1. As an exercise, take the mean of 1/r over every pair of distinct alpha carbons in region B:98-180, invert it, and state the Kirkwood radius in angstroms.
2. Per residue of A:490-500, count partner chain C-beta atoms within 10 Å of its C-beta, then hand back the mean as an integer.
3. What is the gain in length, in nm to one decimal, between A:L285 and A:S217 on full extension, counting 0.36 nm per residue of separation less the C-alpha to C-alpha distance?
4. If amide H atoms are built 1.01 Å from N in the plane of the peptide, which residues on other chains or at least 5 residues away come under 5 Å of the amide H of A:W125?
5. Would you work out which of A:A273, A:F102, A:A424 lies farthest towards the positive end of the dipole of the protein assembly as shown, given +1 charges on the beta-carbon of Lys and Arg and -1 on that of Asp and Glu, about the Cα centre?
6. Tell me the angle of helix A:2-16 to the major Cα principal axis of chain A, expressed in degrees between 0 and 90 and rounded to the nearest ten.
7. Could you go through region A:647-662 in sequence order and give the Karplus-derived ³J(HN,Hα) for each residue, using 6.51 cos²θ - 1.76 cosθ + 1.60 with θ = phi - 60°, rounded to whole Hz, and x for Gly and Pro?
8. With the contact rule set at Cα under 8 Å and sequence spacing of 6 or more, what percent relative contact order holds for region A:43-713?
Amino acid sequence: MKRTTLWIAILAAFTSGSHAAGDSLDELSLEDLVKTDITSVARKSQSLADVPAAAFVITAEDIRRSGARALPDVLRMAPGIQVAQIDNGRYAVTARSFNGRFATKLQVLVDGRSLYHSLFGGVMWELDPIPLEDIERIEIIRGAGAVMWGANAVNGVINIISKHTRNQTGTAVTVSGGTKGTADFYARTGQSVSDNTSWKLSAQARHIEPSRQYLNSADSVDRLDNAVIDFRLDHDLGAGRDLSVWASASRSKTTELWNTQPDFSQGGLNVSAITPNQVLNSESLVGRYRWLGDTGIESSIQASLTRSGIEIDNFVTETLTTVDLDYQGRYAVDRHDILWGLNHRSASDEISTNEPYIAFTRRSATQRDTGLFIHDDWTLIPDKLKLGAGIRVATTTANGTNVSTNATLLWTPSRSDSLWLKYAQAPRTSARAERDVSILAGASVVQTAIPFPPFTANIPVVTYVNASGGLSPEKSQGLELGYRKQLSTAISADINVYRYRYTDLRSGRQTWMFGCHPMFALSSIPVDAAKCAYFGIPIGTPVLFNEMQTTNGLAAWNDGIELSADWLVTPGWRLQLSYSWSHLKVDHDSNATIDADGKIMERASPRHQASLRSQWNITPSQQFDLWLRGASGMDRLNLVDTVPSATGAPTFTRIPGYITMDLRYAYRVNKDMEFALIGRNLIGRHRLEYLSDYIPTAATEIAPAWLLTTHWRF
Amino acid sequence: MPTRILLRLAARITFATTLAFTIPASFGEVTTEAQLKAAYLVNFLKYVEFPGTRTVVNLCLFGRDSLGPYLAGYEGRQVGGRELRIRKVSSPEQIADCQELFIPDTEEARLTAVLRWVDKQPILTVSDADTFTREGGGIALVRAEGRLQFEVNVEALTRAGLRASPQMLRLARPMAGAAR
């Protein structure tokens, strides 16, 4: 009841603030209109006003004016998207909690090609998928989108749309250099060969010198060398047919410090820091053909081939070949707008690992996913009420057949406001790494009193996760309610609430414990000679192994609110605000290990997050942009904690909440040349944003940095 | 337990909306590009001659449109002696009754499909996609030299049985590239 009253109050507030748009322009003639200067900062439409979902658009202008150099940093402006930088190249990115370096619930597409790595079901953010300057816009849709975007679009979809080549003709070069040993380079050339054919070729390279470790300010090892080459060809065949081809190759080279804090050595066991080099590469070829049938059916078929590799010294080497085939059709008839599609993905990998640190059950495997969906947008009352419903049936090698559904209702009581309700469910199919990997997952040291002879022993406890074999898909379903309002010609606001239920969430479960010393038999812990030998530990070494297995053990509620507002204060000054609050509540479980996992998950994401961007055109040739952003604190699990403790219970590192600021001042010399001075992370000299999961990466400091960039076009 | 969550959610909503409404709604004087586009759409109706006589003129917005709020103020007004109505459309059947059809550039992928729906019907098509007139559309709104200008594809208008006034053609920007 209370909620209803509240919503009415909110609606009333919105309505009272509403007033008709466009009073001053009313009486202008065509002659006056062509003479009106546009000085406004907002170039393109920002909202997806007609979408019954929590949607946000980042334009090319927003990207440029953000000063960001890497894709994840750009995504920080969207409400509900949680971005945390781990080191120079690595990021944890998610939508609506469950963040992780290998976060699994976010689908990311570049021109329809999924960046989702089928090995672990996430995105390797250190690899630049596309030069930032080639992006036309990024459409972000939070919430379950499995019907349209596939079984793993659980918490959101990020759609990156690249610029059409006819808008990228000529040559452009951007060169940047700055503190922290930062050097960026971007070059592009493009041509319209004829009225219907154009192409572009671009290349981007980024280099950053190592950052400092958070704990001791010593240099870390995260020197980053990234490069990406991107080619696109567009050919218009007329009569509604067109052909596009993309070819891209990217590479990322960096090193990582796997920390132990402090090194631990006792008997036959040594736990010490290592610094493996990491090389990632990806090459892809994509072709898309769109045509218009005589009956009015719009069709598109896209095929892509991607080869990628992960190479981490003395740890894992993987190559993956992915083939994607995707057909989509659309037919708008009468009051229906019907969309359907069929897709097939086949991913074959080959993996070699350094045992016993990491092992895969199968050296090579092929995963196949096939999906079929249909969705209809049905206009119940023209201009007022629209009903949407869709279903996807998908079959995967690992998880059999899964069904996802959604239903939406979009009510537009007036031209300037819309209210939407959405129900959606989405499964997340298990990733190969979750089923097949066995890995050393952590270590702690327990202080134990030995009764005879009486002394205190430090017993290292190593956590080892065994391959689970089978794992069911994680399931989610939820409700969302949203409201959008154009308050005046210059102000718009968007607010939504959601509540999702997750079941069969992945968690760890203790399977058994063994030791490598006969004395543990006193506490009824057996000695497993074969396994101790596998780990290279001589019998007689006081080491305990805590064996775990991945299981579908957890269930949770995820609630949240997201808000964004856009205000053109003056023609040359625009403010954009976004705020999100999210709350993850994991169910209690009677199994202590599973329950502890739930607690770790709950504490691992920030509750509040906010961003305020100001874009100011001082003069037609000068811009000044400011971005204030922040997030509240969170607790991250210490994977390897070798400081002896009484219980060996998990310890956490508090990531404090933060507020920081980015600045950008740009001066346009003429229409072809621009200089910009960019400052990033200017508030907080010694700041930590994240602590890696799965891999005990040493925490690195996110420090202020300055960058000077020049852009030429000729 | 759920009640508590709901209450807490409610508190958050209140906080968030309060935040949104500390922004004064009276700041409405800024001319945005969207507003200009809306003004153009209304103005074109005065300068284009449609066959037949009617008392109502329908301005239709196709697909993921974002101009709706900016056109709301014009709804119901008399434009060239006819009452202006604004409608949202998404299928060929809904388009049949439109006099003017706006296709936003976010629907660029569907331009050709929509142009085929309106083929040879007396409908004035307008878009803010740069290449619209080259694709066979009627009028393109293009950003040039810091102003919003328009290109007219006379051939497309003639095919649709429409006539643009000489005054309008005089103000139009020369079309980039040849019409197909």
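1. Computed over Cα pairs of region B:98-180, the Kirkwood hydrodynamic radius comes out at 12.6 Å.
2. Working: counts 10, 8, 3, 7, 1, 5, 2, 5, 1, 4, 0.
Taking the mean over all residues of the peptide, I get 4.
3. 20.2 nm
4. A:Y91
5. Checking the options against the dipole of the protein assembly as shown, the answer is A:A424.
6. That works out to roughly 30 degrees.
7. 10, x, 5, x, 10, 10, 10, 7, 9, x, x, 8, 10, 9, 9, 10
8. Across region A:43-713, relative contact order equals 12 percent.
Values quoted throughout were computed directly from the atomic coordinates according to the rules given, and no laboratory measurement underlies them. A quick note: this is a predicted structure, and the numbers were derived from the prediction, not measured. All Cβ positions, glycine included, derive from the backbone under ideal geometry; neighbour counts span all protein chains shown.
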